[in-house]
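Please treat every number below as a calculation from the coordinates, not as lab data. Please read these numbers as outputs of a predicted model, since none were measured by experiment. No Cβ is skipped: glycine too gets one built from the backbone with ideal geometry, and neighbour counts run over all protein chains shown.
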Amino acid sequence: MAKKKSVARLSVGEIRLMAVLWKSGPLKLAEVFRDQPGTVGYTTIQTQLNRLVEKRVVTKSKARPTLYRAVVDPKSAIDATLQLLVDTVGSGSIVPLIEQLMDRNPPTKSELRLLKKLIEKSDSAKPGLPKRTLKRITKKRATKK
């Protein structure tokens, strides 16, 4: 089995630019600037795009006008960032992250049903997943509703 190629960790601003490229496809700098969320300056966008090219998650055409294109899919790009959060905030566990997310953004009943399905599905996954704790968290949230 081939080893999965890791993607460089991306900053929040870089992920926002990647989202623009994922949504719209190849764009000129001016188009990325126009479509990006927030009030970041034009030269800052240019710098961030060049960093994304250096990180090999975006390509830059040689033709003029230059087009920037995302060359990694969203899941691959975000995996490294999520793993960093699990490793640092959660000390290797997903539970503190899930608990904080649920505190900040209480899930709807339908989201809780989906989470319960994910927990049930994980029963056959890697050993060491904190299933009982996740079940406790989702049960606690469901009783708050």
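The order of the peptides 92-104, 13-25 by mean Cβ neighbours within 10 Å, most packed first, is 13-25, 92-104.
With both labels modelled 7 Å from their Cα along Cα-to-Cβ, the Glu111 to Thr47 distance reads 3.4 nm. What net charge is computed for the residues neighbouring Val20, neighbours being all others with C-beta under 14 Å from the C-beta of Val20, Lys and Arg scored +1, Asp and Glu -1? Taking every other residue near Val20 into account, the sum is +2.
Taking Lys and Arg as +1 and Asp and Glu as -1, the other residues whose beta-carbon sits under 12 Å from that of Val58 total +3. Modelled spin labels at Thr59 and Gln83, positioned 7 Å past Cα toward Cβ, are 2.4 nm from each other.
Quick one, what does Rg over Rh come out to for segment 12-74 if you take C-alpha atoms and the Kirkwood Rh? Walk me through the numbers on the way to the answer.
On the way: Rg = 10.2 Å, Rh = 11.3 Å.
Ratio of gyration radius to Kirkwood radius: 0.91.
Measuring against 29 Å, Cα to Cα, the residue pairs Lys28/Lys55; Lys55/Lys117; Lys55/Lys121; Lys23/Lys55; Lys23/Lys60 contain Lys55/Lys117; Lys55/Lys121 as the ones spanning a longer distance.
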